[in-house]
């Protein structure tokens, strides 16, 4: 039995024989194994030569796969080693691939073309892989305008020496069944014709199949000691909305009486504004529900209780969501003596509670797998929240100096881990 050739660069005539056999059609068509046996060349080498010829046809625009231009090995090949590139050439093509946001997203064949090197895409892939460079999913970060960068930089400078151990970091997160499902989707193992068996179906939930969760984290407290709230589904019933309208109407009436009284005494007073019109409340978790269910029911009671225990001023941090920035809620916080720390725009990386959301969503996936249901999500979120340890939460709060230093170093940018 003949031993297949190994080690040396395959001759031009042998390459032509391999490519010629690969292009036979009809009853004469051969498998790759048959071509390897017929030419006494290893199967993997035959595969590489055939693929190389196909790629060269696209580069040379010569339709004959067996033409010398489509068969000849790269000029830089070293006989016996098939070393396609020198160290300098490797460094150059790596520099091209990594030079900017456009090039790192280009297909390999375009990078090969731009480099001017006589190599195939597979060779480039091997060069990049040897240097630890692989095609990976881009990191998701908010787009920052010049104004947003400036606001982030100013915020980081202002708070870089702040004691964040005295801050309640707050945020909301939407645990939406379909989004969780698609984020962790896997193919199913099945036979042909079994696509409609129950275990092979992905459930599509209606739009309302979601759970909105609010919570806060603070240094020195475990999850079970901290405030949290799950908004029900629906978030607000018609009866609750009508009750809210009644409350706001009574408040407007009282504000009007106060305005008349104080202006009659010649004292300046804020002109009352009605808040019950359709333009004042937009639905969903709006400023009123945030005030009623979060500020008044969760944040203020927690901070009042802890300040009385600790005998020091505490603060709470929130982002710039419309529900948070309403004048009504700002005045409420000031009236209760709290300093609200407002995050700059496009800055989830400056709120370490975001890492809690990522952790809980990963735990949901590991605990309930494919069967994402609203009630199951709620149960697991609460259970995971209440089991967050003091040490874990402390580590998140203690990351704030590092985050602010990174923002300052990046001049307001967000190109860092956080």
Inset, instruction - Need at least 2 residues that are more than 27 Å from the chain's Cα centre (by Cα) per element, so show me which helices (runs of 4 or more DSSP H) inside region 46-159 make the cut, counting only ones lying wholly within it. - result: 68-71, 87-97, 108-115, 121-130
Legend entry - Members of region 320-340 that are surrounded by 19 or more Cβ atoms within 10 Å (Cβ to Cβ) and either outside the structural domain of residue 301 (by TED's automatic domain parsing) or at pLDDT 70 or above (or both): 323, 324, 338
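For residues that are surrounded by 14 or more Cβ atoms within 10 Å (Cβ to Cβ) and out of contact with any strand residue (DSSP E or B) (no Cβ under 6 Å at 6 or more places or on another chain), scanning just region 391-400, find the one that is nearest to residue 154 (Cα to Cα).
Looking only at region 391-400, we keep the residues that are surrounded by 14 or more Cβ atoms within 10 Å (Cβ to Cβ), and these are 392-394, 396-397, 399-400.
Then keep just the ones that are out of contact with any strand residue (DSSP E or B) (no Cβ under 6 Å at 6 or more places or on another chain); that gives 392, 394, 396-397, 399-400.
Working: 392: 29, 394: 25, 396: 22, 397: 20, 399: 19, 400: 15 Å.
The extreme case among them is 400.
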Inset, instruction - Could you tell me whether any residue of region 275-292 is in contact with a strand residue (DSSP E or B) (Cβ under 7 Å, 6 or more places away or on another chain), surrounded by 14 or more Cβ atoms within 10 Å (Cβ to Cβ) and modelled with pLDDT under 90? - result: yes
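The values are calculated or read from the model by the stated rules, or taken from the named source; none is laboratory data. Owing to the predicted nature of the structure, the values given are computational and were not obtained by experimental measurement. Cβ sites come from the backbone with ideal geometry, for glycine too, and all protein chains shown count toward neighbours.
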